[in-house]
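What follows is a set of notes on a single structure, which appears directly below.
The values are calculated or read from the model by the stated rules, or taken from the named source; none is laboratory data. None of the values given here were measured: they were computed from a predicted structure. Here the Cβ is made from the backbone with ideal geometry for all residues, glycine too, and neighbour counts use every protein chain on show. Quick note on the areas: whole protein, heavy atoms, side chains included, nothing else; ligands and nucleic acids left out. Shrake-Rupley method; radii C 1.70, N 1.55, O 1.52, S 1.80 Å.
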Amino acid sequence: MDPDDPRWRVAGRTADAARRRFPADILAVAVHGPLAHGDDDGGGDAEVGLLLVTYRAGGGPAPSTRRVDGVLVALTVVDAESYLRQARTLTPAWPLTADRYVTTVALHDPTGWLRTLRDEHLGRLARARPAEFSAAARAAWYRGWAAHARAARLAEWYETDQALVMLGEARLAAATVSGLLSRTYFRDPGDAVRRTGLAGADMTEVGRVLTGQAEELAARGRPVDGTVDDLLAG
């Protein structure tokens, strides 16, 4: 923690104020994102991701985002039980959420709850079967394929701005699939597309990546295509 860094000063002030105003509700306070990693990558030097963990649902302040002394503070408020449940659940968004379970810096954690969060998440990953990651990757792939198809159609209609938005969604979904198939998590969406080489991918390249991912999912035992009966069977 750098006392000269305005992000740390704002984070510390916010944590202290939350503990004073909600002394019976706050279990732990931590930072996540670029500040927790000790650099500016992915968030700039004027952004703080602050996590408030409460003893029970509905406790503490409401989640909020404000700019405080020139620093953007994104306040996430979660109750301990719900957040642990999320950490134990493998979803298609896992590559974009895992960093918050694993990489935090405590500002207030007298019971060591943040270590419990990390251990619970890593334990869940250790128990996960390959088929679980494949199923999550398949769900993410469908989103990517749909976004890519919409982007292609919009480009045909010369709706360039909308096509670029959908292409961005397709890139991120394809990056998420890659993370699930390789059991790799990312710091944020920008990190995901950069590390998977999709940051500058055009329509054709993204389509080629999605096609390759569909082939890999089929090789893992369940193709992305199916029959009506397959659809209804879940």
- Item | Matching entry among ARG171, ARG138 (being within 19 Å of the chain's Cα centre (by Cα), open to solvent by 10 Å² or more (accessible area, probe 1.4 Å), among the basic types (Lys, Arg) and under 27 Å from HIS37 (Cβ atoms)) | ARG171
- PRO92 vs (1) out of contact with any helix residue (DSSP H, G or I) (no Cβ under 6 Å at 6 or more places or on another chain); (2) modelled with pLDDT of 95 or more; (3) buried (at least 16 other Cβ atoms within 10 Å of the Cβ); (4) under 30 Å from ALA139 (Cα atoms): all pass except (1)
- Check ARG127, ARG118, ARG150, ARG187 and return the single one that is open to solvent by 40 Å² or more (accessible area, probe 1.4 Å) and under 21 Å from LEU217 (Cα atoms). ARG127
- Quick check: anything in segment 150-165 in contact (Cβ under 8 Å) with a residue 40 or more places away in the chain and of a type in the set (Ser, Thr, Tyr)? no
- Query: Which one of these does ALA201 not meet: (1) open to solvent by 40 Å² or more (accessible area, probe 1.4 Å); (2) of a type outside the set (S, T, N, Q); (3) part of a loop (DSSP other than H, G, I, E, B); (4) modelled with pLDDT of 95 or more?
  - Reply: (1)
- Grab the strands (runs of 3 or more DSSP E) fully contained in segment 51-120, keeping just those with 2 or more residues being charged (D, E, K, R). 64-68
- Message: Within segment 38-51, does at least one residue satisfy the condition of being closer than 19 Å to THR103 by Cα, at pLDDT 95 or above, surrounded by 17 or more Cβ atoms within 10 Å (Cβ to Cβ) and of a type outside the set (S, T, N, Q)?
- Response: yes
